Amino acid sequence: MTILVDELSLWRCVASAPVMAAQMSHLADAAAMPNVTAQIMPAIGHAGVASGYLLSDDAVWCEHLASGGVFTDPDIVSNIAARHDSLRAECYRASESLAMIAEAGKTWARGASPLTHRATVASA
């Protein structure tokens, strides 16, 4: 299984700092599993980060702001697979990605946002 994670999602405060630290720990644990490759997508513009998706051999589920859906048309699946491969080519190596996740977790555990290194307040 391959997981591609947007770099900015490591920094985006969507919960309290302790919850964010726990999320980073969970992500690091998942990334360390032998059947999982987790890679961080650098904070760059790319067509593949416009929505979330799950890709299998013969189907893709895409989530957009207004809805989500499963697509089985071979042309659509092939197009998304090509974008996925393009995204992976831009990502940090798995070992670098795991180190980034661990560092973000340590920063969140100190009660600070990895983006600003400032103390955070609970999200609204």
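The values are calculated or read from the model by the stated rules, or taken from the named source; none is laboratory data. Owing to the predicted nature of the structure, the values given are computational and were not obtained by experimental measurement. Here the Cβ is made from the backbone with ideal geometry for all residues, glycine too, and neighbour counts use every protein chain on show. Note: accessible area is taken over every heavy atom of the protein model, side chains too, but ligands, DNA and RNA are not part of it. Shrake-Rupley method; radii C 1.70, N 1.55, O 1.52, S 1.80 Å.
Quick look at the numbers
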read-out	value
Listed residues 72, 37 arranged by accessible area, highest first, probe 1.4 Å	72, 37
Karplus 3J(HN,Hα) series, Hz, for the range 13-19 with 6.51 cos²θ - 1.76 cosθ + 1.60 (x for Gly, Pro)	7, 10, 7, 5, 4, x, 5
Probe 1.4 Å, all protein chains present, accessible-area order of 41, 1, 33, 100, largest first	1, 33, 100, 41
Accessible surface, per residue, of the chain when the full set of protein chains is kept, probe 1.4 Å, Å²	62
Cα Rg, Dmax (largest Cα-Cα span) when computed across the range 13-71, Å	14.5, 39
Area accessible to solvent at residue 25, 1.4 Å probe radius, in Å²	60
Exposure of residue 96 as accessible area (Å², to 10), given a probe of 1.4 Å and all protein chains	70
Nearest-10 value in Å² for the accessible area of residue 80, using the 1.4 Å probe	30
Options 2, 54, 108, ranked by Cα towards positive dipole end of the chain, top entry (Cβ charges)	108
Lys, Arg +1 and Asp, Glu -1 on Cβ, resulting dipole of the chain about Cα centre, debye, nearest 20	660
For the chain, diffusion coefficient by Stokes-Einstein and Kirkwood Rh (Cα), 37 °C, 0.692 mPa s, µm²/s	211
